[in-house]
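Each remark here refers to the structure printed beneath this line.
Just so it is clear, none of the values below were taken in a lab; they were calculated from the coordinates. Every value quoted in this text rests on a predicted model; they were computed, and no experiment measured them. No Cβ is skipped: glycine too gets one built from the backbone with ideal geometry, and neighbour counts run over all protein chains shown.
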């Protein structure tokens, strides 16, 4: 097996992945991570076995003893092997690196461990050990040519629509490298053209571009700059124009996740004595040069304490929008609450 397997290469494989004691799913692209974890679960625990043989733990809440207990428990089904997934496991890995190294050296026959992390430095002993007996699947944001190729294939296989290269390039230029949002827009475009229809660049420009796309970015920029008044004004216009809060959150998530990933990378550097600058951290998580300066200022405004909570805020908001806050007025409130958490006045540093 290669040291690190790109997520899209793994998803394109026809054969099931070889059984290994540990798999690390790394990177900051949530859509790819969701697809990879779904496929791993389907391969490892087919049919109804997941209810009995799968344990999912939150990395910021569990301890090694919790994970070890789950790995040591013989599953009722699935050939006796238990699958343990630790979500948002960056801090968990930093805290329990020694125990993880011991586990990789002497894995348990009763369980397989899957770690969901954002940062996975290749210069650590744990990284090298995992890639000796296990596997790393990289779910970082692919490069633009790869995204364009993927989008054309995804439109065909998932939505039975034809997306030519100019249309894919136009879609990417409007949305940016956010695979989840591209998927959502492809679903809308495919519904417009019908089965085996062709999606043109003009249709992409008409349905995806325009003032709504620009206003969404303006709203996000205002929110990350701490200007809640302006962001709420833009949010109000977008919702009144018919924008779905779930779609708005998807557009916001990519930028906010990159801020969270950079903040975690910066903190990990401090803890390990390998300090890095905010700019270097942002470059590492995929922020491009032409927006690097603006993004660095946004991260400084949000601050370390709030930036490391962004993952949880996004998850909580997404779950609420799809559940308890699915009604229009509740969905609006959840989006307003998220914007206000980013405001200058809500900055916990102001209270000191």
Worksheet item: What does the highest-first list of 305-318, 55-68, 251-264, 82-95 look like by mean Cβ count within 10 Å?
Response: 251-264, 82-95, 305-318, 55-68
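Just to check, using Stokes-Einstein with a Kirkwood Rh over alpha carbon pairs, what's the diffusion coefficient of the range 4-138 at 25 °C and 0.890 mPa s in µm²/s?
Details: Rh = 14.8 Å.
Roughly 165 µm²/s, to the nearest whole number.
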Practice prompt. Rounded to the nearest 10 degrees, what's the angle between the helix 179-193 long axis and the longest principal axis of the chain, both from Cα atoms, 0 to 90?
Written response: 60
Response to the item:
Taking every alpha carbon pair in the range 58-131 and sorting the distances into 10 angstrom bins from 0 up to the bin holding the longest one, the percent per bin comes out as 19, 54, 25, 2
Response to the item:
Measuring from the longest principal axis of the C-alpha atoms of the chain, the long axis of helix 165-175 (C-alpha) lies at a number of degrees, nearest 10, equal to 90
Practice prompt. Please work out whether the range 150-272 counts as rounded, prolate or oblate from its C-alpha gyration tensor, where a ≥ b ≥ c are the square roots of the eigenvalues and a/c under 1.5 means rounded, while otherwise a/b larger than b/c means prolate and anything else oblate?
Written response: oblate
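Under the 0.36 nm per residue contour assumption, what length would be gained going from the current alpha-carbon distance of residue 13 and residue 350 to full extension? Intermediate results must be reported in sequence, preceding the final value.
Working: separation 337, 0.36 × 337 = 121.32 nm, distance 5.09 nm.
Residue separation times 0.36 nm, minus the Cα-Cα distance, leaves 116.2 nm.
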Practice prompt. Return, for the Cα atoms of the range 122-173, the radius of gyration and Dmax in Å, separated by a comma.
Written response: 16.6, 46
Worksheet item: How many nm is it between the label spots at residue 124 and residue 109, if each spot is 7 Å from the Cα in line with the beta carbon?
Response: 3.0
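Helix-only mean residue ellipticity at 222 nm, the chain, DSSP H runs n ≥ 4 weighted -39,500 (n - 2.57), per residue, nearest 500. What is it?
Working: 18 runs with 214 residues, N = 352.
Roughly -19000 deg cm²/dmol at 222 nm, from the helical runs in the chain.
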Discussion item. Please report the spacing between the Cα centers of the range 172-201 and the range 234-249 in Å, no decimals.
Written reply: 19
Worksheet entry | Additional length obtainable on full extension of the chain from residue 246 to residue 3, 0.36 nm per residue less Cα span | 83.9 nm
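Which three semi-axes in whole Å describe the equivalent ellipsoid of the range 231-287, each the square root of 5 times a Cα gyration tensor eigenvalue, listed largest first? Before the final figure, lay out each step's value.
Values: eigenvalues 225, 17, 14 Å².
Taking √(5λ) for each eigenvalue gives 34, 9, 8 Å, largest first.
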Worksheet item: What is the diffusion coefficient of the chain in µm²/s, taking the Kirkwood radius over Cα pairs and the Stokes-Einstein relation at 10 °C with a viscosity of 1.306 mPa s?
Response: 73
Worksheet item: Taking all pairs of different Cα atoms in the range 144-209, averaging 1/r and flipping that mean, what Kirkwood radius in angstroms comes out?
Response: 11.1
Worksheet entry | Rough spin-label spacing in nm, given labels placed 7 Å along Cα→Cβ, for residue 313 and residue 63 | 3.1
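Give the relative contact order (percent, whole number) for the chain; include only Cα pairs under 8 Å separated by 6+ residues. Before the final figure, lay out each step's value.
On the way: 498 pairs, mean separation 54.5, N = 352.
Relative CO of the chain lands at 15 percent.
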Worksheet item: Taking the simple approach of a point 7 Å from Cα along Cα-to-Cβ for both residue 20 and residue 207, what is their distance in nm?
Response: 3.9
Worksheet entry | Column: log10 I(q)/I(0), Debye, Cα scatterers of the range 233-344, q = 0.16, 0.22 Å⁻¹ | -0.76, -1.17
Discussion item. Taking the 0 to 90 degree range and rounding to the nearest ten, how far is the long axis of helix 289-307 tilted relative to the main principal axis of the chain, both from C-alpha atoms?
Written reply: 70
